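The values are calculated or read from the model by the stated rules, or taken from the named source; none is laboratory data. Since this is a predicted model, take the numbers as computed values, not measurements. Cβ atoms come from the backbone with ideal geometry, glycine included; neighbour counts cover every protein chain shown.
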Amino acid sequence: MSDQTDIPILTDLIEKGIEIKLSDLGLDDELDTGVAAPFNENVEIELAAPETESVDPFQDNPELEQIVRRIFDEHVERAWQEIKLAIQQHLKN
């Protein structure tokens with residue numbers, strides 16, 4: 001580690017540009033960070049297709065859809081009542 005009084009602040013690093021070296025951070029250049037080689041933009045990574053397709057849980061279950069919709073409607077109604085009450089209280093103040 002370099003001298004503790006020689007640690008840069010953010011504006012010092014911004015002035016250096018996009019590439020910052022360990023020595024710019026007040027660290028020794030030979031420091032082994034255990035990090036692999038720097039990011040390489042030219043490396044292509046092959047992404048595998050998802051193993052399962054997304055499933056619509058309501059497709060063959062209209063009863064479940066009705067239950068979920070009822071729960072949602074109840075929450076929306078409660079939220080609407082709370083919103084109206086909050087507006088009324090705000091207007092009274």
Quiz item: Any chance the range 19-28 includes a residue that's modelled with pLDDT of 65 or more, loosely packed, with under 10 Cβ neighbours inside 10 Å and not aliphatic (A, V, I, L, M)?
Solution: yes
Exercise. Would you check which residues across the range 61-76 are exposed (fewer than 10 other Cβ atoms within 10 Å of the Cβ) and of a type in the set (Asp, Glu) and list them?
Key: 63
